[in-house]
Amino acid sequence: MNKIILVINGRGGAGKDTLCSFIAGKYPTMNVSSIDPIKKAAAILGWEGGKDNRSRKFLSDLKSLSAVYNDYPTTYLVEQYSEFLKSEYEVLFLHIREKEEIAHFIDAVGGNAETLLIRRNQGIQAYGNYSDDYVEDYDYDFIYNNDKPLEEAEADFIAYFEDVIAARLQ
């Protein structure tokens, strides 16, 4: 398998990390998020790891400030991407929420990434922040509907990954 680089996105609770872990169980996989360094900074400022709407907005706003100030979220991901290219890993998942940041990262790596949206029917839910509320506002290369019970989801997503994503990218 050639190296596969996927920007993954979806609303909170869509199952992104679970699906990534399924692939990691079968292929050497790196899984990084543009929010990871922002969470470290947020912890210094008093964020205690919450996932409530107030915490989500705080992280979204802090990430936006960082992107405007010094482009750190993309710089961080490009560093992770470079490490991936030198590694034995075969799959790289990059979690990016904002459509502008997705496009910016893809430009920064010369177009060498595909995009994947994970959908899960959770009813209409607004989080009250830009990063979470507008995940659908991008033209993704792939869309996976995570609608299977957990006991069926692993086989279904691995099949989708192999038959649709990997097959098209090889």
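The values are calculated or read from the model by the stated rules, or taken from the named source; none is laboratory data. These figures come from a predicted structure and were not determined experimentally. Positions of Cβ are generated from backbone atoms using ideal geometry, with glycine treated the same way; all protein chains shown enter the neighbour counts. Just so you know, the surface numbers come from the protein's heavy atoms only, side chains and all, with ligands and any DNA or RNA stripped out. Shrake-Rupley method; radii C 1.70, N 1.55, O 1.52, S 1.80 Å.
Key figures for this structure:
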{"read-out": "Cα→Cβ-extended label distance, 7 Å offset, between K3 and D137, nm", "value": "3.2"}
{"read-out": "DSSP H segments from the chain that extend 20 Å or more along their own axis, Cα-based, with Kyte-Doolittle mean of -1.0 or above", "value": "53-70, 72-86"}
{"read-out": "Mean projection area, nm², convex hull over Cα of the stretch 7-47", "value": "3.6"}
{"read-out": "Cα centroid separation - the stretch 1-23 against the stretch 27-80, whole Å", "value": "17"}
{"read-out": "Distance in nm between pseudo-label sites at S21 and A159 (7 Å out along the Cβ direction from Cα)", "value": "2.2"}
{"read-out": "Cβ-based charge dipole, the chain, positive-most Cα from Y160, N9, A67", "value": "A67"}
{"read-out": "Fully extended contour minus Cα-Cα distance, from S82 to Y69, at 0.36 nm per residue", "value": "2.4 nm"}
{"read-out": "Carbon + sulfur, % of accessible area of the stretch 1-78 - ligands and nucleic acids excluded, 1.4 Å", "value": "54"}
{"read-out": "When each of K39/K86; K3/K148; K16/K99 is checked by Cα-Cα distance, pairs over 20 Å", "value": "K39/K86; K3/K148"}
{"read-out": "Structure-based [θ]222 nm, the chain - -39500 (n - 2.57) summed over DSSP H runs of at least 4, per residue, nearest 500", "value": "-13500 deg cm²/dmol"}
{"read-out": "Unit charges on C-beta of K, R, D, E only; dipole of the chain, Debye", "value": "400"}
{"read-out": "Long-range amide H partners of V7 with built H, under 5 Å", "value": "L94, E114, T115, L116"}
